[in-house]
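The values are calculated or read from the model by the stated rules, or taken from the named source; none is laboratory data. Keep in mind it's a predicted model, so treat the numbers as computed, not measured. No Cβ is skipped: glycine too gets one built from the backbone with ideal geometry, and neighbour counts run over all protein chains shown.
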């Protein structure tokens, strides 16, 4: 499946322990509603673990992160978890500022060992 | 997307006044208007790209450039969502800091939301996790004024990472 929503591209694959949503491009309020619908559709099957691979996502705004957090909340309420995998630097920064590392499981990503609020000077990868 | 086709008129009156204001505001420092760009719900991506390019050009470190893009986007998104549905960004550099001003011509906040001098910054929903909360976290200065002509939000990020609101010792 391939969805094209403004600059956000999303695809869904079946993973070993639940669906894997791959996001790439840029996620902002223009695509937040569609992102929310996509996540809700994946949760409708009763999955307890949803992996969202955001390694291809260059930007996510607060509206998009809110959609992810809401999906994570639904999963938590059924004893599950939403795993956000490999955020790029700018996305990791929004997650950090919004403090959602408490609400979602964030795995990997270029922002090594950060998470303590200060504007970190991590050696992030240089990217275009 | 349910946005309409309203697009800011690039030749709307008042632009030259704002530019003059920016230049007059420069005082002894040199102000260069780096960016003057209209936006609506369908063009926020282009706004982000332009801000990123100009911030890098101005010498803002990468992590601060990320912060500036986040802050400007959230202000613009706020104008799209809660204001006129469109607006205009001006960005300039002065005295070692990047200044950004986001204007929308939406209906002003109600009287009870407006504090002394029309400043609504303290009444806006700066709740944890809210977009404007992010702006306050990353900007060195923020001010939001609402009046009959709309809302103007301005932020300042220092190029060096030092807070430009702290006056230098005499």
Those residues of the stretch B:81-95 which are farther than 16 Å from residue B:144 by Cα, at pLDDT 90 or above and more than 14 Å from chain A (Cβ to nearest Cβ) amount to B:92, B:93, B:94
Are any of the residues in the stretch B:128-151 more than 11 Å from the chain's Cα centre (by Cα), within 14 Å of chain A (Cβ to nearest Cβ), modelled with pLDDT under 95 and exposed (fewer than 15 other Cβ atoms within 10 Å of the Cβ)? yes
If I ask for residues that are out of contact with any strand residue (DSSP E or B) (no Cβ under 6 Å at 6 or more places or on another chain), more than 16 Å from residue B:139 (Cβ to Cβ) and more than 11 Å from chain A (Cβ to nearest Cβ), which ones from the stretch B:51-65 would you list? B:53, B:56, B:57, B:59
Look through the stretch A:43-71, keep the residues that are modelled with pLDDT of 95 or more and out of contact with any helix residue (DSSP H, G or I) (no Cβ under 8 Å at 6 or more places or on another chain), and return whichever of them is farthest from the other protein chains (Cβ to nearest Cβ). A:51
For residue A:96, work out the one condition from (1) within 14 Å of chain B (Cβ to nearest Cβ); (2) modelled with pLDDT of 95 or more it doesn't fulfil. (2)
Segments classed as strands (runs of 3 or more DSSP E), wholly inside the stretch A:5-115, with at least 2 members that are surrounded by 18 or more Cβ atoms within 10 Å (Cβ to Cβ): A:8-15, A:18-27, A:49-60, A:81-85
